[in-house]
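A.B. asks: Quick one: the structure is below, questions incoming.
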Amino acid sequence: MIYLPGEDSYLLEKQVKKYAKGKSFLDMGSGSGIQTRAALSAGASSVLASDINKSAVSSLKSKEIPAVHSNLFKNIKGKFDLIAFNPPYLPKDKKEDKESALATTGGKRGDEIILKFLKQSKKHLNKDGTILLIVSSLTPTDKILPLLKKLNLSYKVLETKKIFFESLEVWEIH
């Protein structure tokens with residue numbers, strides 16, 4: 001199952017279009033490639049899509065989008081000016097099937113993938129680089145915020161959107 005764009009994707013896409021011009025861009029967890037296409041249309045200097053899902057990577061490559069199969073930064077080389085990530089951010093739901101959970105579940109609490117991403121991202125971010133990250137009101141931030149401080153990173157909320165049972169935010173992280 002390739003993650004298809006939803007409210008979270010469109011919220012992030014808006015910010016990617018504002019930030020990507022002239023930047024080297026990494027689309028972490030690219031799914032359908034909506035963020036990579038947004039960066040290309042905004043004039044990014046280079047793009048790379050990355051996903052843990054081999055089908056997503058194959059689909060992107062078939063559309064001539066540079067893509068790599070990777071679990072977070074495992075197979076990523078180099079540094080980027082802009083990294084966008086719409087992570088799996090929901091707490092584990094025992095009723096959800098395994099394939100769907102790969103795209104939606106951020107771990108037992110919902111923050112585990114974000115925490116791993118942040119720990120690994122610093123060495124792939126250029127000196128004045130920016131991370132654009134989707135965070136849900138269902139994602140606990142009690143470990144995320146101290147980790148940002150420990151990594152000497154700061155954040156600000158660029159946009160919030162309330163949908164159904166949650167609020168989504170796009171964070172700009174430096």
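The values are calculated or read from the model by the stated rules, or taken from the named source; none is laboratory data. Note that this is a predicted model, so its numbers are computed, not measured. Backbone-built Cβ (ideal geometry, glycine too); neighbour counts: all protein chains shown. Calculation scope for accessible area: heavy atoms of the full protein, side chains included, ligands and nucleic acids excluded. Shrake-Rupley method; radii C 1.70, N 1.55, O 1.52, S 1.80 Å.
A.B. asks: Failed condition for F73, given (1) crowded, with 18+ Cβ neighbours inside 10 Å; (2) at pLDDT 95 or above; (3) over 22 Å from L148 (Cα atoms), with all others met?
C.D. replies: The one condition F73 does not meet is (3).
A.B. asks: I would also like to ask the following. Could you list, in sequence order, all residues of segment 117-150 that are farther than 25 Å from G6 by Cβ, outside any helix (DSSP H, G or I) and touching a strand residue (DSSP E or B) at 6+ places or on another chain (Cβ under 9 Å)?
C.D. replies: Within segment 117-150, L125, N126, D128, G129 meet the criteria.
A.B. asks: Still on this structure, please answer the following. Would you confirm, using the coordinates I've provided, whether S167 is surrounded by 14 or more Cβ atoms within 10 Å (Cβ to Cβ) and either among the hydroxyl-bearing types (S, T, Y) or in contact with a His (Cβ under 7 Å, 6 or more places away or on another chain) (or both)?
C.D. replies: The answer is no for S167.
A.B. asks: Taking the condition modelled with pLDDT of 95 or more, loosely packed, with under 14 Cβ neighbours inside 10 Å and among the charged types (D, E, K, R), does K149 pass?
C.D. replies: The answer is yes for K149.
A.B. asks: Further question on the same structure: Of the residues S167, S59, S121, only one is among the polar types (S, T, N, Q) and touching a Phe, Trp or Tyr at 6+ places or on another chain (Cβ under 9 Å); which?
C.D. replies: So the residue among S167, S59, S121 that is among the polar types (S, T, N, Q) and touching a Phe, Trp or Tyr at 6+ places or on another chain (Cβ under 9 Å) is S121.
A.B. asks: Show the residue pairs meeting these rules: Cβ distance below 9 Å; 6+ apart or different chains; first residue within segment 64-81 and under 20 Å from S45 (Cα atoms); second residue part of a loop (DSSP other than H, G, I, E, B) and among the aliphatic types (A, V, I, L, M).
C.D. replies: Once the first residue is under 20 Å from S45 (Cα atoms) and sits in segment 64-81, its partners that are part of a loop (DSSP other than H, G, I, E, B) and among the aliphatic types (A, V, I, L, M) give V68/I76; D81/A20; D81/A44.
A.B. asks: Can you name every residue in segment 47-70 that is open to solvent by 10 Å² or more (accessible area, probe 1.4 Å), within 16 Å of the chain's Cα centre (by Cα) and not hydrophobic (A, V, I, L, M, F, W, C)?
C.D. replies: Of everything in segment 47-70, those that are open to solvent by 10 Å² or more (accessible area, probe 1.4 Å), within 16 Å of the chain's Cα centre (by Cα) and not hydrophobic (A, V, I, L, M, F, W, C) turn out to be D51, N53, H69.
A.B. asks: Here's something else I'd like to know. I want to confirm something. Restricting to segment 19-46 and keeping residues that are among the hydroxyl-bearing types (S, T, Y) and in a helix (DSSP H, G or I), which single residue is most open to solvent (accessible area, probe 1.4 Å)?
C.D. replies: S41
A.B. asks: Exactly one of (1) surrounded by fewer than 19 Cβ atoms within 10 Å (Cβ to Cβ); (2) of a type outside the set (A, V, I, L, M); (3) more than 27 Å from G22 (Cα to Cα) is unmet by T105. Its number?
C.D. replies: The one condition T105 does not meet is (1).
A.B. asks: I'd like to know if segment 113-122 contains one or more residues that are in contact (Cβ under 8 Å) with a residue 60 or more places away in the chain and in contact with a Ser or Thr (Cβ under 7 Å, 6 or more places away or on another chain).
C.D. replies: No - not one qualifying residue is present in segment 113-122.
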